[in-house]
Amino acid sequence: MGGCFSKPKPVELKIEVVLPEKERGKEELSAGGKGSPRAYQGNGTARHFHAEERLPAPHPYPGAQDCVEAAVCHVKDLENGQMREVELGWGKVLLVKDNGEFHALGHKCPHYGAPLVKGELSQDTQEVGWDLPEGCLGPPWTLRVSCISGVSWAVGKSQQLLGQGRGTVAGAPAQHHPPPGVLSRGRVRCPWHGACFNISTGDLEDFPGLDSLHKFQVKIEKEKVYVRASKQALQLQRRTKVMAKCISPSAGHSSSTNVLIVGAGAAGLVCAETLRQEGFSDRIVLCTLDRHLPYDRPKLSKSLDAQPEQLALRPKEFFRAYGIEVLTEAQVVTVDVRNKKVVFKDGFKLEYSKLLLAPGSSPKTLSCKGKEVENVFTIRTPEDANRVVRLARGRNAVVVGAGFLGMEVAAYLTEKAHSVSVVELEETPFRRFLGERVGRALMKMFENNRVKFYMQTEVSELRAQEGKLKEVVLKSSKVVRADVCVVGIGAVPATGFLRQSSIGLDSRGFIPVNKMMQTNVPGVFAAGDAVTFPLAWRNNRKVNIPHWQMAHAQGRVAAQNMLAQEAEISTVPYLWTAMFGKSLRYAGYGEGFDDVIIQGDLEELKFVAFYTKGDEVIAVASMNYDPIVSKVAEVLASGRTIRKREVETGDMSWLTGKGS
């Protein structure tokens, strides 16, 4: 990697053998020994989805007629650490050479379809050996490996250790001990949004997204590399991990559940899916204020006319198949931790064994004169977004707030509205997050697309005509014509329902958790936008990071610790936005940066910005410079430090692979 990093931290491994009986002896996730997937009837309407059966998991190679096999290259065509997209008749495959071994995977990221060949491949390995007492294991055995750097590892050529920092491998014959070997952290990171996939298994190791890659068979004959793949898998380009089904009895005790998840965003859904992936087969209930099944909320401000079914993260059939119940339009008003019970607004009471709090946040609203007039919105639901588009077509739109939500809405409306104006208290958009220079470059891009800015001012009054918005009056005395107004001035944690409970909240209403996403109350976990947690690679500083990717990661860690797997949150924050067909990527945690080092051309919007504090790079942002943010994210995830003096030189060979 060259000389721009501090000395890599040593990898410490803890290895233990765990018997299945020991695992089953851990605390059972049951509410008083009872669990049921029975329907909850609210106001005469069943507000969940439940299933008796799981979706069938097709065999990856169902038959010769359903597969395609071909030679894709010569063994010498790829060097170690190289990736290549290769054609395989019915589709493309990502071919990876790592430590002399070839791996064939799906070539597109299941999240948004990014070409993984343009991503970042990591290859760190660690040799380990161990001695086990003779006769200590019965089939199946389980091996646990803990790693302080919090990454996922693979054993040998085909066995993977799941999870962040800890995982399991099962299935070795009783008469054979697991052999010493090489722990490989080989994984490919998506160039667009940072999702990571294990090259040995195709499994998703870091987020965003929900699905993994297909792994295809590889063989070497006469110095040629052959790949064999299912035609169906080549076309789908995504794989849902095998999940357990709910086996709780279907009759009686509908007022209790084994796991209750309050909030059905990314954190809640990933928690539920992780539990099923880890073999948990008791009752799981998600509840949400929304009327829809879990959906991709960040898309709302980028594509305001998207319909709920287009935003859905999983179809109805998925929840039925895996026995994940969803209570929609269900508001929790009280949490009784002593009796492990929640009370809903309509009076329904539900007991739980384990609880995940992932309520998200509530948007701030304007407090000025005329705040009650019609056609003023915060973007919270698909219905909100759809109404904004309908009202803005050919008319005047005003956006209050020049953060990510406000700027995304403004960019989208430029092709729909007659005029788009942005009102912001700061001097430039994104100033606190991206700095003055980057903010001004993005502001110019908006101005070139007919967006009018009113900076360093606030809204003093909303004026109406026949009850509907007509003008926005600013404290600078400017009056802006407006038929619709979108307010994007921040959000507060939606934790008011917890104030009478014994669950700890900080002075701002956030839920503090530890590295395992545990609150101050045993058996109660929290994740997502409403939490503060210790950020491992920033010296465990307690932070709140309301990113989509971070919510995914926290939901998984919470689920793993519900199952007593002792996982810790260690992901590097990664976010993105899209405006006028251009994507901005960001990785790290830049709060408190004291300098910004720019490489590239801000005027041409082709740049990379390094955010530093003291002599350390703490975050990076880029536009038209892929996959540099994913490369930096992988460096930070490895535990290495990037020094300010190195990025100041403009020599980025340490990222492009051209350096030593």
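The values are calculated or read from the model by the stated rules, or taken from the named source; none is laboratory data. Please read all numbers here as calculations on a predicted model, not as lab measurements. Cβ placement follows ideal geometry from the backbone for every residue including glycine, while neighbour counts extend to all protein chains displayed. Areas reflect the complete protein model, heavy atoms only, side chains present, ligands, DNA and RNA absent. Shrake-Rupley method; radii C 1.70, N 1.55, O 1.52, S 1.80 Å.
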| field | Residue ID - least open to solvent (accessible area, probe 1.4 Å), chosen from residues in region 453-507 that are under 16 Å from Val531 (Cα atoms) and in a strand (DSSP E or B) | value | Pro493
| request: Quick one: which residue in Val608, Val635, Val620 is of a type in the set (A, V, I, L, M) and over 28 Å from Tyr412 (Cα atoms)? | output: Val635
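Here is a yes/no grid of residues against (1) aromatic (Phe, Trp, Tyr); (2) closer than 30 Å to Thr612 by Cβ; (3) touching a His at 6+ places or on another chain (Cβ under 8 Å):
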site	(1), (2), (3)
Glu427	no, yes, no
Phe446	yes, yes, no
Asn449	no, no, no
Lys452	no, no, no
| request: Test Pro249 against the criterion of being farther than 26 Å from Ala578 by Cα, at pLDDT below 95 and touching a Leu at 6+ places or on another chain (Cβ under 6 Å), and give yes or no. | output: no
| message | Anything in region 321-349 that is open to solvent by 50 Å² or more (accessible area, probe 1.4 Å), part of a strand (DSSP E or B) and in contact (Cβ under 8 Å) with a residue 24 or more places away in the chain? List them, or say none. | response | Val333, Thr334, Lys349
| query | Taking region 350-394 as the region of interest, how many residues are more than 31 Å from the chain's Cα centre (by Cα) and surrounded by fewer than 17 Cβ atoms within 10 Å (Cβ to Cβ)? | reply | 8
| Looking at (1) among the aliphatic types (A, V, I, L, M); (2) open to solvent by less than 40 Å² (accessible area, probe 1.4 Å); (3) touching a strand residue (DSSP E or B) at 6+ places or on another chain (Cβ under 9 Å), which is the one condition that is false for Ala551? | (3)
| note | Only one of (1) at pLDDT 50 or above; (2) surrounded by 14 or more Cβ atoms within 10 Å (Cβ to Cβ) does not apply to Phe49, and that is (1)
| field | Residue check for Ile545: outside any helix (DSSP H, G or I), open to solvent by less than 30 Å² (accessible area, probe 1.4 Å), closer than 23 Å to Pro627 by Cα and in contact (Cβ under 8 Å) with a residue 40 or more places away in the chain | value | yes
| remark: By residue number, the members of region 305-343 that are of a type in the set (Phe, Trp, Tyr) and either touching a helix residue (DSSP H, G or I) at 6+ places or on another chain (Cβ under 7 Å) or within 17 Å of Ala358 (Cβ to Cβ) (or both) are Phe319, Tyr322
| field | Single unsatisfied condition, Glu566 versus (1) of a type in the set (D, E, K, R); (2) over 30 Å from Leu275 (Cα atoms); (3) open to solvent by 40 Å² or more (accessible area, probe 1.4 Å) | value | (2)
| request: Can you confirm whether region 515-538 contains a residue that is in contact (Cβ under 8 Å) with a residue 12 or more places away in the chain, charged (D, E, K, R) and open to solvent by less than 40 Å² (accessible area, probe 1.4 Å)? | output: yes
| message | I'm trying to understand the selection: among the residues of region 484-496, which are over 20 Å from Met407 (Cβ atoms) and touching a strand residue (DSSP E or B) at 6+ places or on another chain (Cβ under 8 Å)? | response | Val492, Pro493, Ala494, Thr495
| Any chance Gly435 is of a type outside the set (Ser, Thr, Tyr) and farther than 30 Å from Glu603 by Cα | no
| task | Looking only at region 401-420, count how many residues are open to solvent by 10 Å² or more (accessible area, probe 1.4 Å) and over 23 Å from Gln307 (Cβ atoms). | result | 3
| message | Looking at the structure I just gave you, is Arg432 charged (D, E, K, R), without any contact (Cβ under 8 Å) to a residue 40 or more places away in the chain and open to solvent by 10 Å² or more (accessible area, probe 1.4 Å)? | response | yes
| task | Select, from Ala578, Ala633, the only residue that is within 19 Å of the chain's Cα centre (by Cα), open to solvent by 30 Å² or more (accessible area, probe 1.4 Å) and not hydroxyl-bearing (Ser, Thr, Tyr). | result | Ala578
